[in-house]
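First comes the structure, then the notes that go with it.
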Amino acid sequence: RADALQQAFDARIDADARIEPQDWMPEAYRKTLVRQISQHAHSEIIGMQPEGNWISRAPSLKRKAILLAKVQDEGGHGLYLYSAAETLGVSRDALLDALHAGKAKYSSIFNYPTLTWADVGVIGWLVDGAAIMNQVPICRCSYGPYARAMIRICKEESFHQRQGYENLMAMMKGTAAQRAMVQESVNRWYWPVLAMFGPPDADSPNSALGMRWGIKRISNDDLRQKFVDATVPQAAILGVTLPDPDLKWNEERGHHDYGAIDWDDFWAVVNGNGPCNKERLATRVQAHREGQWVRDAALAHARKQQARALK
Ligand code: ACO
């Protein structure tokens with residue numbers, strides 16, 4: 001019977017059909033989805049912090065309203081993703097406990113500081129741009145709840161990317177000091193954004209199965225290349241220089257060549273030693289603790305409703 005279930009699962013994957021929560025699935029498939037979806041959810045809620053720092057210092061009411069909406073969207077993305085993970089039989093509390101204990105991963109990119117207002121624009125343009133590049137293929141992921149969550153997330157990310165680019169455009173049309181601020185920000189974020197796509201394919205232990213199972217549709221290196229190719233013309237229109245002396249068009253490959261990524265720095269950040277890891281985690285733990293009364297109240301309300309319904 002186990003063989004028959006495995007065969008039925010493999011046939012569904014081969015036919016590019018969706019796997020739903022009630023379907024049988026191999027334990028390793030379930031585990032890899034819980035791993036990826038929870039890391040993704042954690043990234044969304046930790047990702048509220050770097051830009052959240054600028055809400056009270058936004059340069060105008062319009063920019064403040066946009067930023068507030070954007071940061072709130074990221075919180076919402078986390079919630080859809082925790083819900084998708086819960087369909088695999090894990091509890092949100094357990095996932096959050098792992099995050100708060102420093103045992104769970106989240107995207108390396110959110111461990112860098114936001115030093116200037118230009119960082120808000122650059123996060124929208126480059127970080128959210130990279131996120132879209134990575135997440136659009138996940139809309140076709142074999143696991144139904146994850147794929148469906150990604151559709152709305154990608155639409156919202158697209159707004160985030162555009163607001164960032166538009167913010168930078170306005171700054172580039174401003175003073176020399178504003179233009180310098182944008183360039184300095186691009187210089188700091190560009191390389192960590194390229195590393196966001198994950199280790200090179202040859203050093204990516206989860207890729208083979210992720211691909212086989214239709215969770216991952218495009219490899220880390222291929223997505224990185226697509227991102228570089230898309231970013232070069234955007235940088236030219238904006239009028240900024242990408243900080244890579246080796247960046248050049250390769251006619252033969254039909255792609256841009258680019259310089260070497262500092263993978264030692266990437267792994268240091270992933271392993272907890274980036275510039276802001278400790279601060280990000282401490283802020284998250286504190287926010288969770290301070291939100292305890294809200295969860296208690298929601299639970300008490302639900303219990304009251306339930307008791308009334310039973311009467
Ligand atoms: N930051 C932190 N950890 C990373 C990163 C990164 N940028 N890239 C890879 N890793 C980790 C992986 O999670 C994996 O760790 P684990 O085995 O302990 O779980 C390890 O490095 C090796 O990487 P891969 O074998 O390449 O892992 P995987 O096949 O899962 O690919 C990727 C990594 C591309 C991030 C994939 O998990 C993915 O597409 N996730 C969904 C998208 C996502 O999480 N985006 C978050 C940032 S975008 C945003 O929130 C705005």
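The values are calculated or read from the model by the stated rules, or taken from the named source; none is laboratory data. All of these numbers come straight from a predicted model, not from anything done at the bench. Please note: Cβ atoms are built from the backbone with ideal geometry, for glycine as well, and neighbour counts cover all protein chains shown. The protein model used for the area step is the full one, side chains on, heavy atoms only, and it has no ligands, DNA or RNA in it. Shrake-Rupley method; radii C 1.70, N 1.55, O 1.52, S 1.80 Å.
First check a/c for segment 224-311, with a ≥ b ≥ c the square roots of the eigenvalues of its C-alpha gyration tensor; if it is under 1.5, answer rounded, and if not, answer prolate when a/b is larger than b/c or oblate otherwise.
Verdict is prolate for segment 224-311.
Which order do H288, H301 take by accessible area at a 1.4 Å probe, largest first?
Sorted descending by solvent-accessible area, the residues read H301, H288.
If you place +1 on the Cβ of every Lys and Arg and -1 on the Cβ of every Asp and Glu, how big does the dipole about the Cα centre of segment 206-309 come out, in debye to the nearest 20?
Charge dipole, segment 206-309, about its Cα centre: 1240 debye, nearest 20.
Lysines within cross-link reach of K248: Cα-Cα under 21 Å, excluding same-chain residues under 8 positions apart?
K226
Tell me what the chain gives for mean residue ellipticity at 222 nm when only DSSP H runs of n ≥ 4 count, each as -39,500 (n - 2.57), the sum divided by the residue total, rounded to 500 deg cm²/dmol.
Only helices count here, giving -20500 deg cm²/dmol.
Would you work out which of I109, A69, L33 lies farthest towards the positive end of the dipole of the chain, given +1 charges on the beta-carbon of Lys and Arg and -1 on that of Asp and Glu, about the Cα centre?
So the residue we want is A69.
From the protein chains alone at 1.4 Å, what is the descending order of accessible area for T241, T231, T116, largest first?
In descending accessible area the options line up as T241, T116, T231.
What trypsin sites (Lys or Arg not before Pro) in segment 117-176 are in a loop by DSSP, with at most 12 other Cβ atoms within 10 Å of the Cβ?
Passing both the DSSP loop test and the Cβ count: K173.
Please calculate how many Å² of accessible area segment 29-161 carries per residue, with a 1.4 Å probe and no DNA, RNA or ligand atoms counted.
Each residue of segment 29-161 exposes 37 Å² on average to a 1.4 Å probe.
Which of rounded, prolate or oblate describes the chain when judged by the alpha-carbon gyration tensor and an a/c cut-off of 1.5?
oblate
Tell me which residues come under 5 Å, amide H to amide H, from H255 once H is placed; ignore anything under 5 positions away on its chain.
Sorted by chain and number, the residues that satisfy this are N250.
List every residue whose amide H lies under 5 Å from the amide H of I19, counting only residues 5 or more places away in sequence or on a different chain, with H placed 1.01 Å from N in the peptide plane.
Here Y143, G144 satisfy the definition.
So what are the ³J(HN,Hα) numbers for segment 37-51, from phi and the Karplus equation (6.51, -1.76, 1.60; θ = phi - 60°), rounded to whole Hz, Gly and Pro as x?
Per residue, the Karplus-derived 3J(HN,Hα) values read 5, 5, 4, 5, 4, 4, 4, 5, 7, 5, x, 6, 6, x, 7 Hz.
Say R0 is 51 Å: what FRET efficiency, to the nearest 0.05, do K103 and A180 get from their beta-carbon distance?
That gives a FRET efficiency of 0.80.
Taking all protein chains together and a probe of 1.4 Å, list K64, K304 from the most accessible to the least accessible.
From most exposed to least exposed: K304, K64.
How large is ³J(HN,Hα) for each residue in segment 262-277, as worked out from phi by the Karplus curve 6.51 cos²θ - 1.76 cosθ + 1.60 (θ = phi - 60°), to whole Hz, x for Gly and Pro?
7, 6, 5, 5, 4, 5, 4, 5, 4, 8, x, 10, x, x, 10, 3
Any of K70/K103; K70/K216; K70/K155; K103/K216 with alpha carbons more than 18 Å apart? Name them for me.
K70/K103; K70/K216; K103/K216
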